[in-house]
Every structure is written in C-alpha cells, then in structure tokens.
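Student: I have a structure here, written as structure tokens, and I will follow up with some questions on it.
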Amino acid sequence: MKTFRKELTFRTKTRRAYVNITSQVEASLAESGVREGLCLVNAMNITASVFINDNESGLHRDFERWLEKLAPEKPHSQYDHNGYEDNADAHLKRTVMGREVVVAITDGRLDFGTWEQIFYGEFDGMRDKRVLIKIIGE
Ligand code: ZN
C-alpha cells in the first residue's frame, strides 16, 4: 500500500473566504501515484473547514449569509469564548461546515459526484492556516 501526505498553507486576505482547492488536491493525487484508494482532506485549524459542494458564486454568498445568521461575528461580546479572542463565531461556523472530506480514488482520479468540488472555508483568516491531504491506496 502507498501512503502520501502533504500540507497546504492558506493566508486569506479577508476574515472569511471560500477557496476552491480541487486542482491542488488533484495535483497531490497525481504526485502520490495512487490509482485506487482514498483521499482525506482536512482543515488543521479549528476555525476553518474543508467541504464539498458546488462551485457557484451565488451559493457561496448564500453560505456566507446563512452562517452569519446562525453565528453572527458581531457583537464579539455575545460569546463566552471571546475573552482573549474574537473568533467564537469562526469556531461555530467551522463546526457547521465540517472538518474534512474523504473522496474515493478510482482509476487515478477523484471519484466525484455531479458538480462536486472541494473547498477550503476560512472563518478567521488573514493568518497562515494549514490543510492536510492524506492519500492511501495502491
Ligand atoms: Zn478561539
């Protein structure tokens, strides 16, 4: 069995952002040489997500509005977590949007469903954050 590990680093210009990372995951898969197996992609920070959905900008604005209704960033004082920090909303948004995705690898390709793409969801950006890619198979 082959194993492959790689970290990606992101530093978004805004506090919140949605970044399509599908091509970077595909490049890692090519680098791994795995033809049949599983590909895990997870955020390595508890205020960011990795999720799969449609690459459609209207949907991404909908995510932003929906998450801000569920867990508004401000006022910061509404959250118990915000003693020394101001990112309680980012922890909550990350929990809703998820930590990781697993994609099957078939014949050397990510075996996606219709319109599926992999996204990095940033909820407390403007600093270096990491994503782990782990690929196992043969
Ligand atoms: Zn925090």
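Student: So if I check each of Arg94, Arg5, Arg35, which one is within 15 Å of the chain's Cα centre (by Cα) and among the charged types (D, E, K, R)? Quick ask: steps written out before the conclusion?
Tutor: Values: Arg5 fails: within 15 Å of the chain's Cα centre (by Cα); Arg35 fails: within 15 Å of the chain's Cα centre (by Cα).
Among Arg94, Arg5, Arg35, only Arg94 is within 15 Å of the chain's Cα centre (by Cα) and among the charged types (D, E, K, R).
Student: Look at Ser23 and say whether it is away from the ligand (no atom under 16 Å from the Cβ), among the polar types (S, T, N, Q) and either buried (at least 19 other Cβ atoms within 10 Å of the Cβ) or farther than 23 Å from Arg5 by Cβ (or both). Break it down stepwise before answering.
Tutor: Numbers: away from the ligand (no atom under 16 Å from the Cβ): yes; among the polar types (S, T, N, Q): yes; either buried (at least 19 other Cβ atoms within 10 Å of the Cβ) or farther than 23 Å from Arg5 by Cβ (or both): no.
In short, no.
Student: Ala71 is checked against (1) in contact with an Asp or Glu (Cβ under 7 Å, 6 or more places away or on another chain); (2) buried (at least 20 other Cβ atoms within 10 Å of the Cβ) and fails just one. What number does that condition carry?
Tutor: Of the numbered conditions (1) in contact with an Asp or Glu (Cβ under 7 Å, 6 or more places away or on another chain); (2) buried (at least 20 other Cβ atoms within 10 Å of the Cβ), the odd one out for Ala71 is (2).
For every residue, the table says whether it meets (1) of a type in the set (Val, Ile, Thr); (2) out of contact with any strand residue (DSSP E or B) (no Cβ under 8 Å at 6 or more places or on another chain); (3) under 18 Å from Thr114 (Cα atoms); (4) exposed (fewer than 12 other Cβ atoms within 10 Å of the Cβ).
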{"site": "Lys6", "(1), (2), (3), (4)": "no, no, no, no"}
{"site": "Lys13", "(1), (2), (3), (4)": "no, yes, no, yes"}
{"site": "Ala17", "(1), (2), (3), (4)": "no, no, no, no"}
{"site": "Leu40", "(1), (2), (3), (4)": "no, no, no, no"}
{"site": "Ala48", "(1), (2), (3), (4)": "no, no, no, no"}
{"site": "Asp54", "(1), (2), (3), (4)": "no, no, yes, no"}
{"site": "Asp62", "(1), (2), (3), (4)": "no, yes, no, yes"}
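Student: Taking Arg94, is it out of contact with any His (no Cβ under 9 Å at 6 or more places or on another chain), surrounded by fewer than 19 Cβ atoms within 10 Å (Cβ to Cβ) and either under 20 Å from Leu8 (Cβ atoms) or in contact (Cβ under 8 Å) with a residue 60 or more places away in the chain (or both)? Give the derivation first.
Tutor: Details: out of contact with any His (no Cβ under 9 Å at 6 or more places or on another chain): yes; surrounded by fewer than 19 Cβ atoms within 10 Å (Cβ to Cβ): no; either under 20 Å from Leu8 (Cβ atoms) or in contact (Cβ under 8 Å) with a residue 60 or more places away in the chain (or both): yes.
Criteria not met by Arg94.
One line per residue, one yes/no per condition, for (1) closer than 30 Å to Met1 by Cβ; (2) small (Gly, Ala, Ser):
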site: Leu29; (1), (2): yes, no
site: Arg35; (1), (2): yes, no
site: Asn42; (1), (2): yes, no
site: Ala88; (1), (2): no, yes
site: Thr95; (1), (2): no, no
site: Glu100; (1), (2): yes, no
site: Ala104; (1), (2): yes, yes
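Student: Quick check on region 1-48: of everything there that is free of Cβ contacts under 8 Å to residues at least 60 places away in the same chain and not in a helix (DSSP H, G or I), which residue is nearest to Lys134 (Cα to Cα)?
Tutor: Gly33
Student: It is to be established whether one or more residues within region 70-84 are out of contact with any Phe, Trp or Tyr (no Cβ under 6 Å at 6 or more places or on another chain), of a type outside the set (Gly, Ala, Ser) and at pLDDT below 95.
Tutor: Scanning region 70-84, I find at least one residue that is out of contact with any Phe, Trp or Tyr (no Cβ under 6 Å at 6 or more places or on another chain), of a type outside the set (Gly, Ala, Ser) and at pLDDT below 95, so the answer is yes.
The values are calculated or read from the model by the stated rules, or taken from the named source; none is laboratory data. In this text, all values refer to a predicted model and were calculated from it rather than measured experimentally. Ideal geometry is used to build each Cβ from the backbone, glycine not excepted, and the neighbour counts take in all protein chains shown.
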